[in-house]
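Trainee: Got a structure for you, questions after.
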Amino acid sequence: MAFVSQQEESLSTLLKESRAFQASEEFKKNAWANDPAIYEKAKRDPEAYWADWASQLDWFEKWNKVLEWNPPYAKWFVGGKINASVNCLDRHVRTEKKNKAAILWEGEDGRERVLTYGTLYRDVNKFANALKTLGVKRGDRVAIYMPMIPELVTAVLASARIGAIHSVVFGGFSAEALRDRINDAEAKVLVTADGGYRRGQIVPLKHDADYALMGTPSIEKVVVVSRLGIPQRMKTGRDLWYHELMNEAAPFCEPEKMDSEDILFTLYTSGTTGKPKGIIHTTGGYLTGTYATAKWVFDLKESDIFWCTADIGWITGHSYIIYGPMANGATQVMYEGAPDWPSKDRFWKIIEKYGVTVFYTAPTAIRAFMKWGTDFVEKADLSSLRLLGSVGEPINPEAWMWYYKHIGRERCPIVDTWWQTETGMILITPLAGITTLKPGSATKPFPGIEADLVDEKGNSVAVGGGYVVLRKPWPAMLRGIYKDPERYQQTYWNRWKDIYFTGDGGRRDEDGYFWFLGRVDDVINVSGHRIGTAEVESALVDHPLVAEAAVVSRPHEIKGVAIVAFVTLKEGARKAEQDTKKLAGELKEHVQSKIGAIARPEEILFSRDLPKTRSGKIMRRLLRDIATGKVLGDTTTLADPAVVEQLKHQYEEEE
Ligand code: PRX
């Protein structure tokens with residue numbers, strides 16, 4: 001709780017020296033959501049409220065029941081028939097939006113492409129037909145491993161069109177991580193690309209995918225987009241070029257009439273074990289939730305140019321690049337590469353060039369911008385911006401203020417949006433036309449959302465610290481974990497009866513505002529990316545020299561938290577391997593190759609032993625204390641207290 005009081009202290013100073021953080025009168029007047037009564041209205045009859053949102057979508061057949069709740073399983077818009085691609089494309093193409101830009105794409109190499117709703121519709125139809133010719137049928141899984149290029153959107157929406165379940169794997173994941181996800185999903189087709197650009201380097205996706213494909217028996221065909229124009233080794237009978245398939249594909253594909261509860265996609269996310277979970281999202285409720293939140297939280301209007309900087313490989317890209325904004329018919333910027341390539345003002349140049357009005361990014365990026373200094377920002381014309389958003393981890397008040405002053409130029413409200421892969425949609429967030437903002441707080445639940453803060457026993461904590469929970473189902477909630485109902489029950493629903501546990505700790509203040517403190521389980525959030533400590537540990541012990549590993553996090557100036565690994569080596573290895581610096585580098589590399597760069601430990605510390613209780617359980621709390629330089633807590637329950645002293649000593653020396 002120390003973090004919160006620190007937050008609150010700096011907040012009160014900020015509030016003293018500054019006016020209340022509220023949108024301008026003009027913003028409020030024009031905002032979609034500007035009447036505080038909507039909270040009360042949604043609370044009074046949540047089903048009618050959500051049905052009202054759902055009815056703004058196009059359905060082949062209307063539902064006959066809004067919600068069926070058999071905890072922990074919810075069904076939304078029961079009996080309704082709908083197709084997600086129709087809602088993102090067909091219904092716009094039938095109107096004057098047909099020639100409106102859907103995607104303003106910019107490659108890291110400076111290449112530009114504009115896709116209107118009309119052209120995207122055509123591509124999606126064709127690729128849907130191409131997938132069909134490859135034998136993909138309703139319910140089949142399509143794995144997608146791509147850079148941030150428009151074909152990624154096309155592949156996702158084409159899968160949705162034919163009722164195939166898409167499973168996007170972030171392009172930064174390693175071949176092994178890709179292989180495991182393909183195998184869990186038993187995907188039939190993989191869509192990939194020759195590569196993409198990241199920080200001036202080529203990310204060789206097809207090359208990595210080939211390695212993964214050596215162990216993926218379910219994959220029958222691989223479609224390769226030529227993004228870089230690099231010749232590829234194409235396996236006869238398996239690998240096909242995207243552009244060749246598109247040349248031959250018929251221009252219209254009848255959309256499948258999906259049941260509201262049919263699976264739209266799975267997306268793998270980290271949990272407390274070594275095995276990532278395939279989070280299941282279904283169609284009608286997910287689309288309703290993302291459509292509603294995109295409209296109200298980002299206040300999307302016809303004239304807006306929205307830019308969400310997330311990768312589509314994460315839930316943020318699924319919900320707020322593809323489904324939410326596109327169901328709203330928004331115009332978006334999509335950017336392939338890094339914020340500091342070729343120079344640290346790339347984002348600001350993009351905002352200036354395309355006239356971005358609503359900008360959604362992560363605190364880790366904001367902290368990096370702060371570090372790079374204001375020179376890069378000040379030169380850019382950011383006057384088109386009118387609303388800023390933050391997502392992925394708690395935003396510290398200092399970063400909030402910097403974002404507000406230097407990017408928003410004290411004109412733009414900031415929406416700090418809290419949600420998860422599992423929640424599918426934003427759940428706790430300001431509505432800029434209504435909410436008074438407090439830097440560092442995600443403020444209040446979105447209308448219709450019953451979020452609460454509870455103590456160990458599950459009792460509501462009106463003011464104070466506790467666990468963040470959800471008391472009622474919401475339309476875009478996960479429907480389970482792919483092929484693992486037991487884990488679904490265990491992870492989210494076992495702590496308190498019929499209450500969803502988020503895994504987050506937080507605090508509620510006197511005004512009912514939520515302040516998030518981070519995860520309370522063995523999940524860490526590095527630069528807004530979720531990683532299970534167990535995943536990193538199993539990658540480490542997979543190395544032939546490692547006997548045991550324990551992974552903890554410690555605060556990091558830019559990443560939010562960084563990974564610190566404590567490692568004991570196998571007997572023989574300890575003698576053989578004298579150069580620990582070299583070995584630490586090798587182990588970091590090993591983790592990167594097993595999972596991806598996001599999981600690479602910041603620091604590795606070797607120890608003869610790890611602190612354990614007498615029953616043999618590793619005491620992570622102590623390791624966290626060591627890694628954060630705190631005074632050590634009680635060590636009396638340790639099997640060998642000397643281990644901790646030695647580690648602490650060693651750690652301080654290395655620092
Ligand atoms: O700990 C919370 C943090 O990110 C976790 C969810 O991670 P993921 O499923 O990868 O989704 C990230 C993007 C939605 C949460 O359990 N988190 C996300 N947004 C915020 C946040 N923590 C504090 N404030 C936020 N705005």
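Trainee: May I ask you to say which residue of K97, K75 is among the basic types (K, R) and buried (at least 21 other Cβ atoms within 10 Å of the Cβ)?
Mentor: K75
Trainee: Within the bounds of the stretch 433-452, is there any residue that is of a type in the set (D, E) and more than 16 Å from the ligand (Cβ to nearest atom)?
Mentor: There is at least one residue in the stretch 433-452 that is of a type in the set (D, E) and more than 16 Å from the ligand (Cβ to nearest atom).
Trainee: Out of curiosity, is G284 within 14 Å of the ligand (Cβ to nearest atom), out of contact with any His (no Cβ under 8 Å at 6 or more places or on another chain) and open to solvent by less than 10 Å² (accessible area, probe 1.4 Å)?
Mentor: No, not satisfied.
Trainee: Of everything in the stretch 322-346, what is open to solvent by less than 10 Å² (accessible area, probe 1.4 Å) and in a helix (DSSP H, G or I)? Give them in sequence order.
Mentor: I322, Y323, G324, P325, M326, A327
Trainee: Next question, about the same structure. Pick out the one residue from K588, K594 that is out of contact with any helix residue (DSSP H, G or I) (no Cβ under 9 Å at 6 or more places or on another chain), open to solvent by less than 60 Å² (accessible area, probe 1.4 Å), assigned by TED's automatic domain parsing to the domain that holds S538 and within 22 Å of R179 (Cα to Cα).
Mentor: K588
Trainee: Could you grab me the full set of residues in the stretch 306-337 that are over 14 Å from the mean Cα position of the chain (by Cα) and closer than 13 Å to T361 by Cα?
Mentor: F306, W307, V333, M334, Y335
Trainee: Give me a count of the residues in the stretch 297-320 that are open to solvent by 10 Å² or more (accessible area, probe 1.4 Å) and either within 16 Å of the ligand (Cβ to nearest atom) or closer than 23 Å to A143 by Cα (or both).
Mentor: Counting residues in the stretch 297-320 that are open to solvent by 10 Å² or more (accessible area, probe 1.4 Å) and either within 16 Å of the ligand (Cβ to nearest atom) or closer than 23 Å to A143 by Cα (or both) gives 6.
Trainee: So, one more: Any residue in the stretch 459-479 that is within 19 Å of L300 (Cβ to Cβ) and aliphatic (A, V, I, L, M)?
Mentor: yes
Trainee: Please determine whether any residue of the stretch 256-270 is open to solvent by 20 Å² or more (accessible area, probe 1.4 Å) and more than 30 Å from W63 (Cα to Cα).
Mentor: no
Trainee: Just wondering, is there one or more residues in the stretch 519-538 that are at pLDDT 90 or above and over 30 Å from V468 (Cβ atoms)?
Mentor: Looking for residues that are at pLDDT 90 or above and over 30 Å from V468 (Cβ atoms), one finds none in the stretch 519-538, hence no.
Trainee: Still on this structure, please answer the following. State yes or no: is P413 within 16 Å of the ligand (Cβ to nearest atom) and at pLDDT below 95?
Mentor: The answer is no for P413.
Trainee: Find all pairs meeting these conditions: Cβ atoms under 9 angstrom apart; at least six residues apart or on different chains; first residue within the stretch 371-392 and among the hydroxyl-bearing types (S, T, Y); second residue within 15 Å of the ligand (Cβ to nearest atom) and part of a loop (DSSP other than H, G, I, E, B).
Mentor: Listed pairs, sorted by first residue: S390/A362; S390/A442.
Trainee: Further, regarding this structure: Do you know which residues across the stretch 78-92 are surrounded by fewer than 20 Cβ atoms within 10 Å (Cβ to Cβ) and either more than 12 Å from G284 (Cβ to Cβ) or touching a Cys at 6+ places or on another chain (Cβ under 7 Å) (or both)?
Mentor: Across the stretch 78-92, the qualifying residues are D90, R91.
Trainee: Out of curiosity, is R507 on the phi < 0 side of the Ramachandran plot, open to solvent by 50 Å² or more (accessible area, probe 1.4 Å) and either of a type outside the set (G, A, S) or in a loop (DSSP other than H, G, I, E, B) (or both)?
Mentor: Taking the combined requirement at face value, the residue satisfies it.
Trainee: Tell me, which residue of the stretch 19-37 that is modelled with pLDDT under 95 and more than 21 Å from P447 (Cα to Cα) is least open to solvent (accessible area, probe 1.4 Å)?
Mentor: A20
Trainee: Now for a separate question. For the structure I just gave you, tell me whether D381 is buried (at least 24 other Cβ atoms within 10 Å of the Cβ) and of a type in the set (D, E, K, R).
Mentor: no
Trainee: With within 16 Å of the ligand (Cβ to nearest atom), open to solvent by 20 Å² or more (accessible area, probe 1.4 Å) and assigned by TED's automatic domain parsing to the domain that holds K612 as the only criterion, which of G528, G532 stands out?
Mentor: G528
Trainee: Let me ask something else about it. Could you tell me how many of the residues in the stretch 356-365 are under 13 Å from V391 (Cα atoms), away from the ligand (no atom under 12 Å from the Cβ) and buried (at least 23 other Cβ atoms within 10 Å of the Cβ)?
Mentor: Total meeting the criteria: 1.
Trainee: Residues of the stretch 453-482 being in contact (Cβ under 8 Å) with a residue 40 or more places away in the chain and over 30 Å from G80 (Cα atoms), which ones?
Mentor: Result: L453, V454, G458, V461, A462, V463, G464, G465, G466, Y467, V468.
Trainee: Looking only at the stretch 366-410, which residues are within 16 Å of the ligand (Cβ to nearest atom) and in contact with a Lys or Arg (Cβ under 6 Å, 6 or more places away or on another chain)?
Mentor: Within the stretch 366-410, just A399 meets the criteria.
Trainee: Residues in the stretch 597-615 that are over 30 Å from the mean Cα position of the chain (by Cα) and either open to solvent by 40 Å² or more (accessible area, probe 1.4 Å) or β-branched (V, I, T) (or both): how many?
Mentor: Number of matching residues: 6.
The values are calculated or read from the model by the stated rules, or taken from the named source; none is laboratory data. Here the structure is a predicted model, which is why all the values come from computation and not from measurement. Note that each Cβ is placed from the backbone with ideal geometry, even for glycine, and that neighbours are counted across all protein chains shown. In case anyone asks, the SASA skips ligands and DNA or RNA and just uses the protein heavy atoms, side chains included. Shrake-Rupley method; radii C 1.70, N 1.55, O 1.52, S 1.80 Å.
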